[in-house]
Ligand code: FES
Ligand code: FES
């Protein structure tokens, strides 16, 4: 075969392997309107289901009358809890070990809760049917504050025995869910009470929502002839959904096929299992027709998957010189009406215990109390790994507060407390073992690039000019240095519903030297079809353009736990590399046979095996692929395929250094981002173009959360931010240009050293934007104000600090 | 259900004639009735722009217009902008400059951008950001969308000059 390129560099470039900014293979269909999202699916005779939802946040349901609805033209069925109860499907298990009503069973616990499911011929008929369902409610006292909830006589969850322990141990009160602790309580308290300096702060990380542009939805199709259920949906974890559906429906898993088609963004919103999925499946079984359910935006914001809602109180102690000695963190977590957090089983507060951040803090203690309220369930990781955003926000605020107390520069305070390069692998006080890092180098590079000292000088001058009345704009310098913990995770400590959090890849090499690889993950915009092919290209020496990547169909893809928590590259990416290496091992034997030398006498070189010391004697991977199918090689099976299930030995710990320069008009409260510099270290870089895109996107979602995006409730439990009119999604007009930069500190335990990047910019970005706002007010006496820093709140801060007089 | 109305529209160069309820939204007509699924639904309240189409030379959010209001008009969707052998410069530029991730906003984005460039073939970055502010993207942070539009503008202008 004559396809060899002479020059080695050319051969490497031809592969489009790791490290190159390969253009995305997904884009052709998306730019031409040929994506295949779940709402694009149309099946013969397909029906449409939609919910009657509760207008009340807490109420008893006295009666539901569906008669009139069933008379509406086009309406075929109306399901209520009473219809699901005989099947045992009126409740479903949550990922957090709790259970959740599929349809209201006697009462409702949050506004927008699913009460009845109307199945009709089309959306309009379903909407008419919903109008005609009569529900009689008796209002109950509403609790929207978790602190009040813990004191209230009102029992929110009447289905639970108040004395019995929950899924995560004893409960202190009928509205209490769990207490979760990490670290050493006594020592930490002792260190703090004897410390030279202690800074304390309480902060509320508000409730928000991932709000991908595509809402959640599914199409369920029960084929009664063959006994097979097919379920298409916006699932970030299709295999886990298959297992859950099997467990709750009793349909054997081999008779269920779950397909995640193209997904219009996830950001954590599409990890959980929602009542709409269960109702669609039941409705398809009842009607014998495919049933589609698609949330509208209001349903989405009000009911599926909120994020954050953490009330955090911290104490941080240090020596007079600024060396941190201890950290104490207490959290009251508002979980809403059901505990439906999407965390690994043993971590009801996610990885909040990464809250010692990037600092060498010898002693620490964390306590999290989960509480029920009359708000929507959820608690997902919105573009972060299991509560890491909360943890990083907490520590990056505590550092700033400590710097104020010490009257010290916050950048310097960070620098003297960073974990040093030679301390890795580093065992943190709250249990994690950080794999690798070089924080000082990253920090110095960041500060130098932005001319940090110059900025501080400018800021000081601005303060003076403001005081002289020459300007109404003040200037803030936001700093953040974050350490992420991603890639869940080792099966020994991470599972969801008992399913270990490994991931997988299966590769088949075709005779003519192209290939297909299937993975247990699912892209929601991350470009897996592009990047996983690059990993493979480098591993097996076939061009990325000749490798198809397929995900999301449980009938064909190997079992995996899906895509969230930046786990695809750390886990499935590792599985891909490992499966590739199995292919290469067999290819080596084939090459040796063809070249008539011993296995150990050939070595891999880019796209071929060469005889050691005789590079002119070689077999390309393409030739080897053909030989695998056409030669009878003694001792070797024909074919060239491999599967790998990868259980990572540890998490990976990406990190980064961000700086934001902001001007704030104190009279309008409008912040203007003048500069944003983001240095990310995600280990080995697979596709710089895609990494940069992930950073831009994550930062923009961080900007949103820090500067205005929230799910707010009034005292009656009404959602005040149920449409995009009130829920802040930044447009091109509000978003700055970002400067991106990087250092590379590979993960020592990952086969290709990659750490994952999709969530870092969100995790590190939120405190950076918030710190910029707070830093602008620091010279005027501000220590801490809560997010979101929308125009009104910024104006109010300025007002409270007397800047308007 | 009220009386159906007789509707005639032209979509991507093809005449369509049918009876529809007065309340039928244009986005529903396109997606459900005509199987034109390029325009997407992100909000149904005119905020996100995922449903953007061009109607008689104007960018319109198809989720907030009744099909009856579009009767007699010509509509272009992403499907009408180019085809696999003859892509619109914006379609190539979005790929080239990584102007998309999940792709859900992309049809609306490109359709809107095509109008923007018709109205203003040489937009500044500020004009692009302002002109695209009716289209939300949750994935990209817009930086590469702006870049893609600038690149497409440059390419279209160069082609224009070459033709003159
Ligand atoms: S769906 Fe039309 S603007 Fe959002
Ligand atoms: S690419 Fe996902 S919303 Fe724009």
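Taken together, the values in this text are just the output of simple stated rules run on the coordinates, not laboratory data. The shown structure was predicted, so the numbers you read here are calculated from the model rather than taken from an experiment. All Cβ positions, glycine included, derive from the backbone under ideal geometry; neighbour counts span all protein chains shown.
How long is the gain from residue A:153 to residue A:597 if the chain were fully straight, where each residue apart is worth 0.36 nm and the alpha carbon distance is subtracted? Fully extending the segment from residue A:153 to residue A:597 adds 151.7 nm.
What separates the Cα centres of the stretch A:602-641 and the stretch A:277-332 is a distance of 50 Å.
Under the criterion of Cα pairs below 8 Å and six or more residues apart, the relative contact order for chain A equals 16 percent. Taking label points 7 Å from Cα along the Cα-to-Cβ direction, residue A:801 and residue A:139 give a separation of 4.1 nm. With the simple spin-label model, which puts each label point 7 Å out from Cα in the Cβ direction, the residue A:633 to residue A:190 separation comes to 6.4 nm. Separation of the stretch A:767-805 from the stretch A:414-434 is 32 Å, based on Cα centroids. Quick check: from the Cα gyration tensor, does the stretch B:89-163 come out rounded (a/c under 1.5), prolate or oblate? It is prolate, given that a/c is not under 1.5 and a/b is the larger ratio.
Projecting label points 7 angstrom from Cα along Cα→Cβ for residue A:674 and residue B:159 puts them 4.1 nm apart. Take every pair of alpha-carbon atoms less than 8 Å apart whose residues are at least six positions apart; their mean separation over the length of chain B yields a relative contact order of 23 percent.
Helix B:106-119 axis versus longest C-alpha principal axis of chain B: approximately 70°, rounded to the nearest ten. Inter-part distance, the stretch B:70-149 to the stretch A:510-553, computed on C-alpha centroids, equals 28 Å. Normalised by the number of residues in the stretch B:5-80, the mean separation of alpha-carbon contacts (under 8 Å, six or more apart) gives a relative contact order of 40 percent. Of the residues A:792, A:232, A:180, the one with the fewest other Cβ atoms within 10 Å heads the list, and the complete ranking is A:792, A:180, A:232.
For chain A, adding -39500 (n - 2.57) for each run of n ≥ 4 DSSP H residues and dividing by the number of residues yields -8500 deg cm²/dmol at 222 nm. Note on residue A:448/residue A:420: beta-carbon distance plugged into 1/(1 + (r/R0)^6) with R0 of 22 Å gives a FRET efficiency of 0.70.
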